[in-house]
Amino acid sequence: MIDIDKLLTNNPMAAERYVSRFDINLLRGYSVLGVLKEVRNLVHQGNRLLTHPVTSGTAPNGNPFCSVVVSAEAGSTDFNSVSIIENSIAVREKISMNLKLPDTAIEDFMLIDCDMIAKGGTI
């Protein structure tokens, strides 16, 4: 059996869209920072980042959804992945996410997040 890569996301649309392509870890109720910290846990266990944690074309404090693909299997520590995820978390911790999005914008932001995976924002 071939292991499939993992998608960690707080975006239900991404989880539904990519269920046949990735092993999905839907992190319901997680903030972007929460998703990034879960990704960091896997990276420190030896999984490699396959997409960049900050690929959205919108301002980093504008999209409340985050989807990141990591390798299916853990290997030796990939220091490039460690550096990228740690820097992404540091940047996110500096950003205030207090904006209230209108319900009409939520689906748009989900779609933007999904499209970043489809476009393969790879490392």
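Could you go through the stretch 38-45 and let me know if any residue there is of a type outside the set (S, T, N, Q), under 18 Å from LEU111 (Cβ atoms), touching a residue at least 24 places away in the same chain (Cβ under 8 Å) and open to solvent by less than 20 Å² (accessible area, probe 1.4 Å).
No.
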Please go through the stretch 46-61 and give me each residue that is of a type in the set (A, V, I, L, M), modelled with pLDDT of 90 or more and either open to solvent by 60 Å² or more (accessible area, probe 1.4 Å) or touching a helix residue (DSSP H, G or I) at 6+ places or on another chain (Cβ under 7 Å) (or both), ordered by number. LEU49
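Quick check on GLU16: is it surrounded by fewer than 22 Cβ atoms within 10 Å (Cβ to Cβ) and over 17 Å from ILE89 (Cβ atoms)?
Working: surrounded by fewer than 22 Cβ atoms within 10 Å (Cβ to Cβ): yes; over 17 Å from ILE89 (Cβ atoms): yes.
Against the criterion (surrounded by fewer than 22 Cβ atoms within 10 Å (Cβ to Cβ) and over 17 Å from ILE89 (Cβ atoms)), GLU16 qualifies.
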Which numbered condition ARG28 fails, given (1) closer than 19 Å to GLU73 by Cα; (2) not in a helix (DSSP H, G or I): (1)
Those residues of the stretch 62-97 that are outside any loop (DSSP other than H, G, I, E, B), open to solvent by 10 Å² or more (accessible area, probe 1.4 Å) and not polar (S, T, N, Q) come to a total of 9
Write out, first by first residue and then by second, each pair whose Cβ atoms fall under 9 Å of each other, whose residues are 6+ apart or on separate chains, and whose first residue, in the stretch 62-81, is over 25 Å from CYS114 (Cα atoms) while the second is crowded, with 18+ Cβ neighbours inside 10 Å. GLY75/ASN47; GLY75/ARG48; THR77/VAL43; ASP78/VAL43; ASP78/ASN47; ASP78/ARG48; ASP78/LEU49; ASP78/SER71
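The values are calculated or read from the model by the stated rules, or taken from the named source; none is laboratory data. None of these values were measured; they are calculated from a predicted model. As a convention, Cβ positions derive from the backbone with ideal geometry for all residues, glycine included, and neighbour counts pool all protein chains shown. Surface areas here come from the heavy atoms of the whole protein model, side chains and all, with no ligands, DNA or RNA. Shrake-Rupley method; radii C 1.70, N 1.55, O 1.52, S 1.80 Å.
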